1. Of the heavy-atom accessible surface of the chain (probe 1.4 angstrom), what whole percent is carbon and sulfur?
2. How high is the relative contact order of the chain? Use alpha-carbon pairs under 8 Å, at least six apart in sequence, and give a whole percent.
3. Can you give the net charge of the other residues whose Cβ lies under 10 Å from the Cβ of L413, counting K and R as +1 and D and E as -1?
4. Would you calculate a helix-derived [θ] at 222 nm for the chain, using -39,500 (n - 2.57) for each DSSP H run of n ≥ 4 and dividing by the full residue count, to the nearest 500?
5. With the other protein chains left in place, how much accessible area per residue, in square angstrom, belongs to segment 178-269 at a 1.4 angstrom probe?
6. Over segment 388-509, what is the mean sequence separation of C-alpha contacts under 8 Å (at least six apart), divided by residue count, expressed as relative contact order in percent?
7. Pull out a ≥ b ≥ c, the square roots of the eigenvalues of the alpha-carbon gyration tensor of segment 388-453, then state rounded if a/c is under 1.5, prolate if not and a/b is larger than b/c, and oblate in the remaining case.
8. Return a whole-number percent for the relative contact order of segment 318-460, with Cα pairs under 8 Å and 6 or more residues apart as the contact set.
Amino acid sequence: AVQIENHYGFPCDIEWAKEGDNFYITQSRPITTLALVREFTNYATDFIKDNVEVDYNDFVKKYQEDEWKKVGSWKIPRLAFDAFYCSQSTYYLKNYGISNIPPIKYLQVGNDVFVAKKELALIKESIFSLVGGENYEFIEKFDKMQTSHRKNLEDELNLLENVSELDKKLVSSILEKTCTLLVVFEILRDMSGFFEEAIMKRFKELDVDPVPLPDLLDKERDSDTYKLNQEVATFAKKGVVPTKTEMETVVKRYGYLKQYFLSGDAYTKKDILDQIEGVEAKEEMYNKKIFDDDKLNLLVALMNRFSTVRLLNNEITNKAFFKLKESFQLLANKSDMSYEKVLALPLKECVKLLNGEKQGLDESLLGNSVAVISVDKNYILSSEKLEKFKNEFLQKDYSNQKELTGTPTYKGLVRGVVKVIRSANDFSKMSEGDVLVCSMTDPNYVPVMKKSSAIVTDIGGILCHAAIVSREMQKPCVIGTKIATQILQDGDLVEVDANTGMVRLLERG
């Protein structure tokens, strides 16, 4: 070990094996954790946004300066929201070679998240300019970078498994590396949009009927999501209840997939059994489409490449938050605070807590019952003004609108009764055969997606969770309607035409 460290000139993690009477060195690499204090000091002071309370009139003025597009509604703890905001900063964008757009500006109101449309247009323009050249050099560079970042995070999550006490350096480093990967969320969404548009444009240039984009997607075989579905399908085909050992293995390996940004709990044995019962035992059929055009085949291959990248990155960041939960519980105990209160902290306050700073916490900054504009700082409107703000500036009248359009991700025509699901608290409303209407889905929604006859979402592209799972479940699905949750109400009778992407309101409930 000393010879190896002297050879490289830095401290090393060294893996070895013993066979018979001989020891063998199998691998050595730099110890990453020794530099965490210096790295994270910079991260905590330079890249995490300050939280500033603002006057109601000042806040409204800031809000009115921009036109906002709703991009989601998630019941996610404040700590996770702040990590996401942090990841969209100029610092992290530059890490990926993206320097010609401003920091992404977010408006969070309670659990609803909006993005300034001006910034959205600039992001798209920037991404399209990067990948628009036909040599696709940026794609190669980007793919290598995110693969490296993902491997670094995976290594530290493995280290965390062997830690029984709170390791603030390791937790801090994992938070920073999670932010490094979260920036991919926005980049990949727009990268996916580039390929969607490019593929449709190529079909038009060739003067052939376009193949629906969802039909061009491969199975994401490298992902845990795919592997779990395969194991569930295997159990279903056998027609026998898995043994206790088999169930424990599946839950241990894939339980985190139900986790989403510190929201929700791990899969249980009952969840897995419910999935097995809901699967139709059949052989997997997939016919890869090959076209008589090299450019079209290349674009399809690249779209699939980024579909896999996006899913793998979503999985690793959710795994990071899942494995950090125990550390946050230890932090709560050490700080004489409730676990829920720690999760409700802004990221900067949590970092202070990790560093042992016993600061007085500003109660108005806690939780999601606040409105925040996140740009150079997090400008916060206290919770008592939240309802007034929502009522005055975020309510629109859609009472006369009877039709919605979106993107179909699995074909079918369904008539059914609407259930609007805004959070896990609404899951009990869903009955077998209802039409699930929500802002977007995440792994926690799988049980209600199984019950539904069709799925309709406000947001999402063909690579989003709802799109992928609807194809797995073979449920008619229309995504990206933008306003389904604002127009449709519980009990409404609707027709979901997932052949054309049209949702029609037939009768008010």
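The values are calculated or read from the model by the stated rules, or taken from the named source; none is laboratory data. Keep in mind that what you see is a predicted model, and the values were worked out from it rather than measured. A quick note on method: Cβ atoms are made from the backbone with ideal geometry, for glycine too, and the neighbour counts reach across all protein chains shown. For accessibility, only protein heavy atoms count, side chains too; no ligands or nucleic acids. Shrake-Rupley method; radii C 1.70, N 1.55, O 1.52, S 1.80 Å.
1. Of all accessible area on the chain, carbon and sulfur atoms account for 49 percent.
2. Value for the chain: 17 percent.
3. Working: positive: K411, R415; negative: E495, D497.
Overall, the nearby charge balance is 0.
4. -14500 deg cm²/dmol
5. Numbers: 4240 Å² over 92 residues.
That works out to 46 Å² per residue.
6. Details: 297 pairs, mean separation 41.8, N = 122.
Relative contact order for segment 388-509 comes out at 34 percent.
7. Taking the square roots of the gyration eigenvalues as a ≥ b ≥ c, segment 388-453 is oblate.
8. Details: 128 pairs, mean separation 16.4, N = 143.
Here the relative contact order equals 11 percent.
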